[in-house]
1. Would you tally the residues in segment 126-145 being in contact (Cβ under 8 Å) with a residue 60 or more places away in the chain, in a helix (DSSP H, G or I) and surrounded by fewer than 20 Cβ atoms within 10 Å (Cβ to Cβ)?
2. So if I check each of Q285, Q238, Q281, which one is under 25 Å from K139 (Cβ atoms) and either among the hydroxyl-bearing types (S, T, Y) or surrounded by fewer than 16 Cβ atoms within 10 Å (Cβ to Cβ) (or both)?
3. Give the residue that is nearest to the chain's Cα centre (by Cα), with candidates limited to residues of segment 92-111 that are surrounded by fewer than 21 Cβ atoms within 10 Å (Cβ to Cβ) and assigned to a loop (DSSP other than H, G, I, E, B).
4. For segment 69-125, which positions are of a type in the set (G, A, S) and either touching an Asp or Glu at 6+ places or on another chain (Cβ under 7 Å) or at pLDDT below 95 (or both)?
5. Report whether or not V275 is within 24 Å of H132 (Cβ to Cβ), surrounded by 13 or more Cβ atoms within 10 Å (Cβ to Cβ) and β-branched (V, I, T).
6. Within segment 153-192, take every residue that is among the acidic types (D, E) and touching a helix residue (DSSP H, G or I) at 6+ places or on another chain (Cβ under 7 Å) and give me the one that is modelled with the lowest pLDDT.
7. Going by what's in this entry, would K227 be described as among the basic types (K, R), part of a helix (DSSP H, G or I) and under 30 Å from M134 (Cβ atoms)?
8. State the number of residues belonging to segment 62-91 that are part of a loop (DSSP other than H, G, I, E, B) and either among the charged types (D, E, K, R) or over 19 Å from S125 (Cβ atoms) (or both).
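The values are calculated or read from the model by the stated rules, or taken from the named source; none is laboratory data. Nothing here was measured: the structure is a model prediction, and the numbers come from that model. Neighbour counts are summed over all protein chains in view; Cβ atoms, including those assigned to glycine, are modelled from backbone coordinates with ideal geometry.
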Amino acid sequence: MAAVLLGLLLFAMQSPLVPSRPMADEGPPPPSTSSPTDNGTTSHPNGTLQQLPQIIIIGVRKGGTRALIEMLSLHSTVAAAQNEVHFFDWESHFQKGLPWYLSQMPYAFPDQLTVEKTPAYFTSSKVPKRIHHMNRDIKLLLILRDPTERVLSDYTQVFYNRLQKHKRYQPIESVLVKDGEINLGYKALNRSLYYVHMQNWLQYFPLGSIHVVDGDELIRDPFPEMKKVERFLKLEPQINASNFYFNKTKGFYCLRDHGRERCLHDSKGRAHPHVAPAILQKLYQFFHEPNKKFFELVGRTFNWK
């Protein structure tokens with residue numbers, strides 16, 4: 001009898017696993033001792049489980065994917081993977097199979113939806129088919145910004161990365177323009193040709209499975225954009241205007257969650273380099289037709305220059 005009581009006491013003293021967003025000072029949940037089941041889950045005795053995502057934020061790079069997943073995590077029924085998984089676009093990860101992908105997911109309660117974000121998915125030609133093979137009914141979130149602004153943000157990120165590593169970098173004019181014309185060999189430009197990549201996704205998923213988030217509006221006023229995301233995912237309305245506050249020091253909105261305030265990393269919201277007006281005008285003209293094609297594909301327009 002004494003042994004039974006001691007066992008119950010020890011069980012009661014054990015702390016439960018954290019199902020979704022861990023606090024900054026908490027570590028990840030302990031590794032599972034179970035094998036994935038046939039329905040793509042790995043469970044734990046306390047009722048939490050890892051499950052393949054029902055939602056994927058597919059991109060785009062420098063479009064606001066980190067802000068979107070952090071804001072979506074405000075909802076109690078969403079469990080978000082903390083890191084970019086790169087399962088469907090990196091061969092070294094994809095070859096490990098779905099059990100490995102499952103192991104990268106957060107621990108969640110059965111009534112929660114799991115979401116991961118990897119911005120490179122949108123522009124990778126092989127990803128749509130791979131995701132469709134996993135789950136043809138999955139909900140996809142695509143967050144886009146003005147393509148010219150996205151190119152400048154793309155350059156800015158590479159610029160600071162090279163600066164921190166004490167590597168040489170090219171001035172922005174030299175990568176944007178070659179022999180007086182837009183440099184079509186610059187990869188960042190290709191990432192902003194949204195209609196090209198969207199055509200590939202629409203070969204595998206109906207437009208109704210893809211919600212396009214206006215990244216520029218998410219920066220200016222996040223609440224209305226997040227209400228649209230809630231409706232698309234058929235989530236009970238929970239995210240409120242009080243969850244957002246403007247941080248004048250950082251120059252963008254931060255989050256307030258149950259009395260706890262948090263902002264995106266300092267690497268977000270960096271000022272873009274100065275670009276000569278004539279070069280900017282060339283960029284705007286270059287994207288005019290591709291933007292029109294994208295608007296026709298998705299049946300809506302965006303306030304892009």
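1. Total satisfying the criteria: 3.
2. One residue alone meets the criteria, Q238.
3. The qualifying residue nearest to the chain's Cα centre (by Cα) is Q104.
4. A81, A120, S124
5. no
6. Once the filter is applied, the top-ranked residue is E173.
7. For K227, the condition - among the basic types (K, R), part of a helix (DSSP H, G or I) and under 30 Å from M134 (Cβ atoms) - is met.
8. Number of matching residues: 12.
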